[in-house]
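**Q** Sending over a structure as C-alpha coordinates; questions will come in a sec.
The values are calculated or read from the model by the stated rules, or taken from the named source; none is laboratory data. The model shown is predicted, which means the values in this text are computed figures rather than measured ones. Don't worry about glycine lacking a Cβ; one is built from the backbone with ideal geometry, like all the others, and counts go over all protein chains shown. SASA here: full protein model, heavy atoms, side chains in, ligands and nucleic acids out. Shrake-Rupley method; radii C 1.70, N 1.55, O 1.52, S 1.80 Å.
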Amino acid sequence: MNLILKPARNGIKGELQVPGDKSISHRAVMFGAIAEGKTTIHNFLKGEDCLSTIRCFQSMGVSIKEEDNVITVEGNGWEGLEEPKEILDVGNSGTTTRLMLGILAGRPFHSVIIGDESIAKRPMKRVTDPLKLMGAKIDGREEGQFTPISIRGGDLESFDYTLPVASAQVKSCIILAGLQTEGKTIIREPLQTRDHTEKMIQQFGGNVTVDNRTIEIIGNQPLKGTDVFVPSDVSSAAFFMVAGAIVPNSKVTLTRVGLNPSRTGIIEVMKRMGASLQVEEVSSTGEPYGTVTVETSELTGIEIGGELIPSLIDELPVIALLATQAKGKTIIKDAEELKVKETNRIDAIVKELKKLGASIEATDDGMIIEGSTKLIGGQVDSWGDHRIGMTLAIASLICETDVVLENSAAVNISYPTFFDDIKKLLSRIDG
Ligand code: S3P
(Lines give C-alpha, C1' and ligand atoms only; values in the text may rest on other atoms or scores of the structure.)
Protein backbone atom coordinates (compact mmCIF):
# COMPACT_ATOMS: atom_id res chain seq x y z
CA MET A 1 0.00 0.00 0.00
CA ASN A 2 1.23 3.52 -0.91
CA LEU A 3 0.77 6.24 1.68
CA ILE A 4 1.03 10.00 1.17
CA LEU A 5 2.81 11.61 4.11
CA LYS A 6 2.77 15.36 4.77
CA PRO A 7 5.44 17.48 6.47
CA ALA A 8 4.83 18.42 10.11
CA ARG A 9 4.89 22.18 9.63
CA ASN A 10 3.88 22.94 13.24
CA GLY A 11 6.14 20.41 14.94
CA ILE A 12 5.10 17.37 16.95
CA LYS A 13 4.09 17.61 20.59
CA GLY A 14 2.65 15.42 23.30
CA GLU A 15 2.94 12.25 25.31
CA LEU A 16 2.91 8.74 23.91
CA GLN A 17 3.23 5.17 25.11
CA VAL A 18 4.50 3.09 22.19
CA PRO A 19 3.53 -0.63 22.02
CA GLY A 20 5.24 -3.43 23.95
CA ASP A 21 8.77 -4.64 23.34
CA LYS A 22 9.05 -7.12 20.48
CA SER A 23 12.00 -9.11 21.85
CA ILE A 24 10.41 -9.46 25.29
CA SER A 25 6.96 -10.31 23.89
CA HIS A 26 8.38 -13.21 21.84
CA ARG A 27 10.28 -14.56 24.82
CA ALA A 28 7.31 -14.25 27.19
CA VAL A 29 5.21 -16.50 24.92
CA MET A 30 8.02 -19.03 24.49
CA PHE A 31 8.87 -19.23 28.20
CA GLY A 32 5.17 -19.35 29.06
CA ALA A 33 4.87 -22.33 26.71
CA ILE A 34 7.77 -24.34 28.20
CA ALA A 35 7.10 -23.44 31.85
CA GLU A 36 4.73 -25.28 34.18
CA GLY A 37 1.46 -23.43 34.85
CA LYS A 38 -0.17 -20.21 33.80
CA THR A 39 1.66 -17.16 32.44
CA THR A 40 -0.05 -13.84 31.85
CA ILE A 41 1.52 -11.28 29.53
CA HIS A 42 0.61 -7.60 29.90
CA ASN A 43 1.35 -4.99 27.21
CA PHE A 44 2.16 -7.81 24.74
CA LEU A 45 3.07 -6.48 21.29
CA LYS A 46 0.33 -7.55 18.86
CA GLY A 47 2.58 -7.02 15.85
CA GLU A 48 2.73 -9.63 13.09
CA ASP A 49 6.06 -11.07 14.26
CA CYS A 50 4.87 -11.83 17.80
CA LEU A 51 1.55 -13.15 16.48
CA SER A 52 3.61 -15.61 14.36
CA THR A 53 5.23 -16.85 17.58
CA ILE A 54 1.81 -17.34 19.19
CA ARG A 55 0.53 -19.31 16.18
CA CYS A 56 3.59 -21.56 16.08
CA PHE A 57 3.20 -22.53 19.74
CA GLN A 58 -0.54 -23.02 19.33
CA SER A 59 0.34 -25.46 16.52
CA MET A 60 2.37 -27.36 19.12
CA GLY A 61 -0.72 -27.77 21.30
CA VAL A 62 -0.16 -24.89 23.73
CA SER A 63 -3.27 -22.99 24.83
CA ILE A 64 -2.67 -19.26 24.24
CA LYS A 65 -5.62 -16.88 24.58
CA GLU A 66 -6.27 -13.19 24.69
CA GLU A 67 -8.78 -11.49 26.95
CA ASP A 68 -8.99 -7.78 27.85
CA ASN A 69 -5.64 -7.16 26.19
CA VAL A 70 -3.88 -9.75 28.38
CA ILE A 71 -2.36 -12.86 26.81
CA THR A 72 -2.64 -16.06 28.85
CA VAL A 73 -0.37 -19.01 28.11
CA GLU A 74 -1.11 -22.36 29.77
CA GLY A 75 2.25 -24.08 29.95
CA ASN A 76 2.64 -27.81 30.57
CA GLY A 77 6.42 -27.87 30.63
CA TRP A 78 8.70 -29.06 27.82
CA GLU A 79 6.75 -32.32 27.59
CA GLY A 80 3.60 -30.32 26.91
CA LEU A 81 4.83 -29.40 23.42
CA GLU A 82 3.38 -31.71 20.77
CA GLU A 83 4.51 -32.54 17.25
CA PRO A 84 2.86 -29.92 15.00
CA LYS A 85 0.56 -31.32 12.31
CA GLU A 86 1.30 -28.40 10.02
CA ILE A 87 4.38 -26.51 8.90
CA LEU A 88 5.41 -23.82 11.39
CA ASP A 89 5.14 -20.48 9.56
CA VAL A 90 7.30 -17.76 11.11
CA GLY A 91 6.29 -15.08 8.59
CA ASN A 92 8.93 -12.31 8.66
CA SER A 93 10.28 -13.11 12.12
CA GLY A 94 13.95 -13.97 12.61
CA THR A 95 13.51 -14.06 16.39
CA THR A 96 10.74 -16.68 16.13
CA THR A 97 12.85 -18.79 13.76
CA ARG A 98 16.09 -18.79 15.70
CA LEU A 99 14.74 -19.00 19.25
CA MET A 100 12.15 -21.63 18.38
CA LEU A 101 14.85 -23.79 16.77
CA GLY A 102 16.60 -23.88 20.16
CA ILE A 103 13.39 -25.23 21.70
CA LEU A 104 12.62 -27.70 18.89
CA ALA A 105 16.18 -29.08 18.96
CA GLY A 106 15.45 -30.91 22.21
CA ARG A 107 11.88 -32.04 21.53
CA PRO A 108 11.38 -35.65 20.42
CA PHE A 109 9.39 -34.90 17.30
CA HIS A 110 9.67 -33.66 13.74
CA SER A 111 8.85 -30.17 12.53
CA VAL A 112 9.40 -27.92 9.53
CA ILE A 113 9.86 -24.15 9.60
CA ILE A 114 9.11 -21.80 6.73
CA GLY A 115 8.75 -18.04 6.48
CA ASP A 116 8.38 -15.28 3.93
CA GLU A 117 10.78 -14.25 1.13
CA SER A 118 12.91 -12.20 3.53
CA ILE A 119 13.29 -15.05 6.05
CA ALA A 120 14.39 -17.35 3.21
CA LYS A 121 17.44 -15.12 2.69
CA ARG A 122 18.49 -14.77 6.32
CA PRO A 123 21.47 -16.78 7.60
CA MET A 124 20.47 -19.77 9.70
CA LYS A 125 23.78 -21.64 9.78
CA ARG A 126 24.68 -19.50 12.78
CA VAL A 127 22.06 -21.49 14.72
CA THR A 128 21.94 -24.80 12.85
CA ASP A 129 25.72 -25.33 13.27
CA PRO A 130 25.83 -25.05 17.09
CA LEU A 131 22.59 -27.03 17.42
CA LYS A 132 24.16 -29.82 15.35
CA LEU A 133 27.18 -29.75 17.68
CA MET A 134 24.75 -30.33 20.54
CA GLY A 135 23.36 -33.37 18.71
CA ALA A 136 20.28 -32.00 16.95
CA LYS A 137 19.21 -33.54 13.65
CA ILE A 138 18.55 -30.51 11.57
CA ASP A 139 18.69 -29.67 7.91
CA GLY A 140 17.69 -26.85 5.65
CA ARG A 141 18.04 -25.50 2.17
CA GLU A 142 21.70 -25.21 1.05
CA GLU A 143 23.03 -27.43 3.85
CA GLY A 144 21.17 -25.86 6.70
CA GLN A 145 21.86 -22.29 5.68
CA PHE A 146 18.32 -21.22 4.87
CA THR A 147 14.64 -21.98 5.41
CA PRO A 148 12.75 -24.21 4.88
CA ILE A 149 14.42 -25.98 7.80
CA SER A 150 13.39 -29.39 9.09
CA ILE A 151 14.33 -30.65 12.50
CA ARG A 152 13.93 -33.86 14.44
CA GLY A 153 14.67 -33.03 18.04
CA GLY A 154 16.02 -35.38 20.67
CA ASP A 155 18.68 -35.75 23.35
CA LEU A 156 21.09 -32.83 23.40
CA GLU A 157 24.51 -32.52 24.96
CA SER A 158 25.76 -29.45 26.75
CA PHE A 159 28.88 -27.75 25.38
CA ASP A 160 31.15 -24.74 25.64
CA TYR A 161 30.56 -22.43 22.67
CA THR A 162 32.05 -19.12 21.57
CA LEU A 163 29.63 -17.16 19.40
CA PRO A 164 31.22 -16.18 16.06
CA VAL A 165 28.82 -13.19 15.79
CA ALA A 166 27.39 -10.91 18.45
CA SER A 167 23.77 -12.02 18.21
CA ALA A 168 21.15 -12.23 20.95
CA GLN A 169 19.09 -14.54 18.76
CA VAL A 170 21.91 -17.06 18.45
CA LYS A 171 22.76 -16.76 22.16
CA SER A 172 19.10 -17.26 23.11
CA CYS A 173 18.72 -20.23 20.76
CA ILE A 174 21.63 -21.99 22.47
CA ILE A 175 20.39 -21.08 25.95
CA LEU A 176 17.00 -22.63 25.11
CA ALA A 177 18.68 -25.78 23.80
CA GLY A 178 21.03 -25.80 26.82
CA LEU A 179 18.02 -25.77 29.15
CA GLN A 180 17.14 -29.22 27.74
CA THR A 181 20.49 -30.94 28.40
CA GLU A 182 21.77 -32.90 31.41
CA GLY A 183 24.81 -30.69 32.01
CA LYS A 184 26.13 -27.16 31.99
CA THR A 185 26.22 -25.15 28.74
CA ILE A 186 28.70 -22.30 28.53
CA ILE A 187 28.22 -19.53 25.96
CA ARG A 188 30.81 -16.84 25.35
CA GLU A 189 29.73 -13.74 23.45
CA PRO A 190 32.17 -11.42 21.67
CA LEU A 191 30.18 -8.32 22.68
CA GLN A 192 27.33 -7.81 25.09
CA THR A 193 24.00 -8.31 23.31
CA ARG A 194 20.47 -7.88 24.64
CA ASP A 195 19.96 -10.07 27.71
CA HIS A 196 16.17 -10.47 27.79
CA THR A 197 16.40 -14.27 27.70
CA GLU A 198 18.71 -14.38 30.72
CA LYS A 199 16.41 -12.00 32.62
CA MET A 200 13.35 -14.01 31.68
CA ILE A 201 14.82 -17.30 32.92
CA GLN A 202 15.20 -15.66 36.31
CA GLN A 203 11.67 -14.32 36.16
CA PHE A 204 10.38 -17.84 35.53
CA GLY A 205 12.24 -19.09 38.63
CA GLY A 206 15.30 -20.48 36.83
CA ASN A 207 19.01 -19.86 37.23
CA VAL A 208 21.57 -18.49 34.84
CA THR A 209 24.94 -17.01 35.68
CA VAL A 210 26.48 -14.22 33.65
CA ASP A 211 30.05 -13.12 34.17
CA ASN A 212 31.91 -10.85 31.80
CA ARG A 213 30.04 -11.97 28.65
CA THR A 214 30.15 -15.65 29.65
CA ILE A 215 26.75 -17.22 30.24
CA GLU A 216 26.37 -20.52 32.09
CA ILE A 217 23.16 -22.45 32.13
CA ILE A 218 22.34 -25.77 33.80
CA GLY A 219 19.89 -28.02 31.98
CA ASN A 220 16.70 -29.59 33.27
CA GLN A 221 15.75 -26.86 35.67
CA PRO A 222 12.11 -26.26 36.54
CA LEU A 223 10.52 -23.12 35.12
CA LYS A 224 7.27 -21.82 36.61
CA GLY A 225 4.63 -19.72 34.84
CA THR A 226 4.47 -16.11 36.00
CA ASP A 227 3.08 -12.64 35.25
CA VAL A 228 5.12 -10.71 32.70
CA PHE A 229 4.81 -6.93 32.29
CA VAL A 230 6.32 -5.97 28.93
CA PRO A 231 7.81 -2.45 28.82
CA SER A 232 7.26 -0.33 25.72
CA ASP A 233 9.73 -1.04 22.95
CA VAL A 234 12.73 1.31 23.01
CA SER A 235 13.27 0.40 19.33
CA SER A 236 9.78 1.75 18.51
CA ALA A 237 10.20 4.75 20.83
CA ALA A 238 13.43 5.53 18.94
CA PHE A 239 11.42 6.78 15.92
CA PHE A 240 9.72 9.40 18.07
CA MET A 241 12.92 10.28 19.95
CA VAL A 242 14.50 11.09 16.60
CA ALA A 243 11.36 12.90 15.39
CA GLY A 244 11.32 15.01 18.55
CA ALA A 245 14.94 16.01 17.99
CA ILE A 246 14.80 16.82 14.25
CA VAL A 247 11.33 18.29 13.66
CA PRO A 248 11.41 22.04 14.44
CA ASN A 249 9.23 23.24 17.32
CA SER A 250 8.76 19.80 18.90
CA LYS A 251 8.66 18.21 22.33
CA VAL A 252 7.75 14.55 22.79
CA THR A 253 7.45 12.53 26.01
CA LEU A 254 7.57 8.74 25.76
CA THR A 255 6.33 6.77 28.76
CA ARG A 256 7.14 3.26 30.10
CA VAL A 257 10.03 2.91 27.63
CA GLY A 258 12.19 -0.17 28.22
CA LEU A 259 15.60 0.99 29.47
CA ASN A 260 17.52 -2.28 29.58
CA PRO A 261 21.15 -1.07 29.22
CA SER A 262 21.77 -3.67 26.49
CA ARG A 263 19.24 -1.75 24.34
CA THR A 264 19.79 1.93 25.08
CA GLY A 265 22.63 2.76 22.69
CA ILE A 266 20.24 5.14 20.89
CA ILE A 267 19.99 7.29 24.04
CA GLU A 268 23.77 7.42 24.42
CA VAL A 269 24.22 8.35 20.75
CA MET A 270 21.56 11.07 20.82
CA LYS A 271 23.14 12.60 23.92
CA ARG A 272 26.59 12.50 22.34
CA MET A 273 25.20 14.23 19.25
CA GLY A 274 23.92 17.00 21.50
CA ALA A 275 20.20 16.14 21.63
CA SER A 276 18.11 17.70 24.33
CA LEU A 277 16.96 14.42 25.85
CA GLN A 278 15.99 13.58 29.44
CA VAL A 279 15.57 10.11 30.88
CA GLU A 280 13.76 9.43 34.13
CA GLU A 281 13.96 5.83 35.29
CA VAL A 282 10.72 4.71 36.93
CA SER A 283 11.62 1.11 37.72
CA SER A 284 15.05 -0.47 37.82
CA THR A 285 14.19 -4.08 38.68
CA GLY A 286 13.87 -6.90 36.11
CA GLU A 287 13.39 -5.09 32.84
CA PRO A 288 13.91 -1.41 33.76
CA TYR A 289 11.70 1.25 32.23
CA GLY A 290 11.10 4.98 32.44
CA THR A 291 10.14 8.21 30.70
CA VAL A 292 12.12 9.79 27.88
CA THR A 293 11.54 13.40 26.82
CA VAL A 294 13.10 14.87 23.68
CA GLU A 295 12.99 18.41 22.28
CA THR A 296 14.10 19.93 18.98
CA SER A 297 17.90 19.98 19.12
CA GLU A 298 21.08 21.28 17.51
CA LEU A 299 22.99 18.12 16.57
CA THR A 300 26.60 17.35 15.67
CA GLY A 301 27.90 14.34 13.74
CA ILE A 302 29.84 11.62 15.62
CA GLU A 303 31.47 8.22 15.03
CA ILE A 304 29.41 5.17 16.06
CA GLY A 305 30.98 1.71 16.23
CA GLY A 306 32.47 -1.06 18.36
CA GLU A 307 30.72 -2.30 21.49
CA LEU A 308 27.88 0.15 21.07
CA ILE A 309 26.62 -1.49 17.87
CA PRO A 310 24.65 -4.43 19.35
CA SER A 311 22.88 -2.03 21.74
CA LEU A 312 21.45 0.01 18.83
CA ILE A 313 21.60 -2.36 15.87
CA ASP A 314 17.87 -2.00 15.08
CA GLU A 315 18.01 1.78 15.47
CA LEU A 316 20.74 2.39 12.88
CA PRO A 317 18.34 3.24 10.02
CA VAL A 318 16.69 5.98 12.08
CA ILE A 319 20.09 7.09 13.45
CA ALA A 320 21.15 7.56 9.81
CA LEU A 321 18.17 9.90 9.38
CA LEU A 322 19.13 11.73 12.59
CA ALA A 323 22.65 12.17 11.21
CA THR A 324 21.32 13.89 8.06
CA GLN A 325 20.23 16.71 10.42
CA ALA A 326 23.51 16.87 12.37
CA LYS A 327 26.30 19.28 11.50
CA GLY A 328 29.36 17.52 10.10
CA LYS A 329 30.18 13.92 9.41
CA THR A 330 28.63 10.86 11.10
CA ILE A 331 30.42 7.57 10.56
CA ILE A 332 28.64 4.31 11.35
CA LYS A 333 31.04 1.36 11.34
CA ASP A 334 31.32 -2.27 12.58
CA ALA A 335 27.70 -2.78 11.53
CA GLU A 336 27.99 -5.49 8.81
CA GLU A 337 25.12 -7.31 10.53
CA LEU A 338 22.79 -4.70 9.04
CA LYS A 339 23.18 -6.47 5.71
CA VAL A 340 21.41 -9.61 7.00
CA LYS A 341 18.40 -8.06 8.71
CA GLU A 342 14.87 -8.04 7.23
CA THR A 343 16.55 -6.42 4.20
CA ASN A 344 20.09 -5.29 3.54
CA ARG A 345 19.52 -2.23 5.68
CA ILE A 346 22.71 -0.47 4.53
CA ASP A 347 21.63 -0.60 0.89
CA ALA A 348 18.00 0.16 1.69
CA ILE A 349 18.49 3.22 3.87
CA VAL A 350 21.28 4.70 1.75
CA LYS A 351 19.24 4.38 -1.43
CA GLU A 352 15.98 5.69 0.02
CA LEU A 353 17.42 8.60 2.04
CA LYS A 354 19.38 9.65 -1.05
CA LYS A 355 16.10 9.92 -2.96
CA LEU A 356 14.99 12.44 -0.31
CA GLY A 357 18.14 14.51 -0.76
CA ALA A 358 20.42 13.16 1.99
CA SER A 359 24.18 13.07 1.58
CA ILE A 360 24.82 9.45 2.57
CA GLU A 361 27.17 6.76 1.25
CA ALA A 362 27.40 3.06 2.02
CA THR A 363 30.65 1.55 3.31
CA ASP A 364 31.58 -2.12 3.79
CA ASP A 365 30.47 -2.10 7.40
CA GLY A 366 28.12 0.85 7.71
CA MET A 367 27.65 4.28 6.21
CA ILE A 368 28.91 7.86 6.19
CA ILE A 369 26.47 10.74 6.40
CA GLU A 370 27.24 14.44 5.87
CA GLY A 371 24.93 16.96 7.43
CA SER A 372 23.01 18.85 7.80
CA THR A 373 20.99 18.64 4.60
CA LYS A 374 17.48 19.80 3.84
CA LEU A 375 15.35 16.85 2.82
CA ILE A 376 13.10 17.36 -0.18
CA GLY A 377 10.23 14.97 -0.81
CA GLY A 378 9.49 12.24 -3.27
CA GLN A 379 8.59 8.61 -3.67
CA VAL A 380 10.36 6.07 -1.46
CA ASP A 381 9.99 2.37 -0.66
CA SER A 382 10.11 0.47 2.65
CA TRP A 383 11.58 -2.56 0.85
CA GLY A 384 9.02 -4.51 2.93
CA ASP A 385 11.12 -3.76 6.03
CA HIS A 386 9.26 -2.26 8.99
CA ARG A 387 12.15 -0.21 10.32
CA ILE A 388 13.03 1.22 6.90
CA GLY A 389 9.35 2.16 6.39
CA MET A 390 9.10 3.90 9.77
CA THR A 391 12.40 5.76 9.26
CA LEU A 392 11.15 7.12 5.94
CA ALA A 393 7.83 8.13 7.50
CA ILE A 394 9.70 10.09 10.19
CA ALA A 395 11.85 11.64 7.44
CA SER A 396 8.66 12.85 5.71
CA LEU A 397 7.91 15.06 8.74
CA ILE A 398 10.88 17.30 7.86
CA CYS A 399 10.64 17.15 4.05
CA GLU A 400 9.82 20.22 2.02
CA THR A 401 7.04 18.48 0.08
CA ASP A 402 4.95 15.30 0.42
CA VAL A 403 6.50 11.84 0.58
CA VAL A 404 4.84 8.83 -1.04
CA LEU A 405 5.77 5.71 0.91
CA GLU A 406 5.43 2.42 -1.00
CA ASN A 407 4.83 -0.80 0.94
CA SER A 408 3.86 1.09 4.07
CA ALA A 409 2.05 -1.94 5.59
CA ALA A 410 5.46 -3.34 6.58
CA VAL A 411 5.17 -1.31 9.82
CA ASN A 412 2.65 -3.90 11.08
CA ILE A 413 5.54 -6.25 11.85
CA SER A 414 6.52 -4.34 14.99
CA TYR A 415 4.27 -1.28 15.30
CA PRO A 416 0.73 -1.66 13.92
CA THR A 417 -0.46 1.68 15.37
CA PHE A 418 2.55 3.65 14.09
CA PHE A 419 0.72 5.98 11.67
CA ASP A 420 -2.08 6.63 14.21
CA ASP A 421 0.54 7.58 16.79
CA ILE A 422 2.15 10.07 14.39
CA LYS A 423 -1.28 11.65 13.91
CA LYS A 424 -1.80 11.90 17.68
CA LEU A 425 1.37 13.94 18.07
CA LEU A 426 0.45 16.17 15.13
CA SER A 427 -3.11 16.83 16.24
CA ARG A 428 -2.03 18.24 19.63
CA ILE A 429 -1.11 21.38 17.75
CA ASP A 430 -3.16 21.26 14.60
CA GLY A 431 -6.48 20.89 16.28
C1 S3P B 1 16.76 -9.71 18.56
C2 S3P B 1 18.11 -9.64 18.35
C3 S3P B 1 18.72 -8.85 17.26
C4 S3P B 1 17.75 -7.79 16.73
C5 S3P B 1 16.40 -8.36 16.46
C6 S3P B 1 15.80 -8.94 17.74
C7 S3P B 1 16.23 -10.55 19.66
O8 S3P B 1 19.05 -9.71 16.19
O9 S3P B 1 18.29 -7.20 15.57
O10 S3P B 1 15.53 -7.36 15.97
O11 S3P B 1 15.05 -10.42 20.02
O12 S3P B 1 17.02 -11.36 20.17
P13 S3P B 1 20.45 -10.51 16.13
O14 S3P B 1 20.46 -11.51 17.20
O15 S3P B 1 20.46 -11.13 14.76
O16 S3P B 1 21.51 -9.46 16.30
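Table: residues versus (1) in contact with a helix residue (DSSP H, G or I) (Cβ under 7 Å, 6 or more places away or on another chain); (2) without any contact (Cβ under 8 Å) to a residue 24 or more places away in the chain; (3) more than 28 Å from Gln192 (Cα to Cα).
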residue	(1), (2), (3)
Phe109	no, no, yes
Thr128	yes, no, no
Leu131	yes, no, no
Glu142	no, yes, yes
Gly153	yes, no, yes
Leu176	yes, no, no
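**Q** Condition test on Glu280, is it over 18 Å from the mean Cα position of the chain (by Cα) and open to solvent by 30 Å² or more (accessible area, probe 1.4 Å)?
**A** yes
**Q** Exactly one of these conditions fails for Arg27: (1) over 22 Å from Ala238 (Cβ atoms); (2) in contact (Cβ under 8 Å) with a residue 60 or more places away in the chain; (3) part of a helix (DSSP H, G or I). Give me its number.
**A** Going through (1) over 22 Å from Ala238 (Cβ atoms); (2) in contact (Cβ under 8 Å) with a residue 60 or more places away in the chain; (3) part of a helix (DSSP H, G or I) one by one, Arg27 breaks only (1).
**Q** Moving to a separate point now. Among the candidates Thr40, Thr72, single out the residue that is farther than 20 Å from Ala168 by Cβ and touching a residue at least 60 places away in the same chain (Cβ under 8 Å).
**A** Thr40
**Q** What number of residues within the stretch 75-115 satisfy the criterion of being outside any loop (DSSP other than H, G, I, E, B), of a type outside the set (A, V, I, L, M, F, W, C) and farther than 29 Å from Val340 by Cα?
**A** 4
**Q** Quick one: is Met134 within 13 Å of the ligand (Cβ to nearest atom) and open to solvent by less than 10 Å² (accessible area, probe 1.4 Å)? It would help to see each step written out before you state the result.
**A** Details: within 13 Å of the ligand (Cβ to nearest atom): no; open to solvent by less than 10 Å² (accessible area, probe 1.4 Å): yes.
It is false that Met134 is within 13 Å of the ligand (Cβ to nearest atom) and open to solvent by less than 10 Å² (accessible area, probe 1.4 Å).
**Q** Looking only at strands (runs of 3 or more DSSP E) that lie completely in the stretch 337-431, which have at least 2 residues being hydroxyl-bearing (Ser, Thr, Tyr)?
**A** Numbers: elements: 359-363, 366-371, 378-381, 403-406.
Once the strands (runs of 3 or more DSSP E) in the stretch 337-431 are filtered for at least 2 residues that are hydroxyl-bearing (Ser, Thr, Tyr), what remains is 359-363.
**Q** Shifting gears a bit: Residues that are among the small types (Gly, Ala, Ser): which helices (runs of 4 or more DSSP H) entirely in the stretch 174-275 hold 3 or more of them? Working first, answer last.
**A** On the way: elements: 196-203, 234-246, 265-272.
Of the helices (runs of 4 or more DSSP H) lying wholly inside the stretch 174-275, those with at least 3 residues that are among the small types (Gly, Ala, Ser) span 234-246.
**Q** Sticking with this structure for a sec: Can you tell me which of (1) in contact (Cβ under 8 Å) with a residue 40 or more places away in the chain; (2) farther than 29 Å from Ser372 by Cβ is the one Gly290 doesn't meet?
**A** Answer for Gly290: the failing condition is (1).
**Q** Also, I was wondering about something else. Among the residues of the stretch 192-208, count how many are touching a helix residue (DSSP H, G or I) at 6+ places or on another chain (Cβ under 9 Å) and more than 13 Å from the ligand (Cβ to nearest atom).
**A** So the answer is 6.
**Q** Condition check: of a type in the set (Asp, Glu), within 30 Å of Gly37 (Cβ to Cβ) and surrounded by 24 or more Cβ atoms within 10 Å (Cβ to Cβ). Does Asp314 satisfy that?
**A** Here the answer is no, as Asp314 does not meet what is asked.
**Q** Report yes if Ile87 is within 16 Å of the ligand (Cβ to nearest atom), among the aliphatic types (A, V, I, L, M) and farther than 23 Å from Gly178 by Cα, otherwise no.
**A** no
**Q** Would you pick out the residues in the stretch 137-167 that are open to solvent by 10 Å² or more (accessible area, probe 1.4 Å), of a type outside the set (S, T, N, Q) and within 16 Å of the ligand (Cβ to nearest atom)?
**A** Selection gives Phe146, Tyr161, Pro164, Val165, Ala166.
**Q** When you check Ile309 against the structure, is it under 24 Å from Lys354 (Cα atoms) and modelled with pLDDT of 95 or more, yes or no? Outline the logic, then answer.
**A** Values: under 24 Å from Lys354 (Cα atoms): yes; modelled with pLDDT of 95 or more: yes.
Against the criterion (under 24 Å from Lys354 (Cα atoms) and modelled with pLDDT of 95 or more), Ile309 qualifies.
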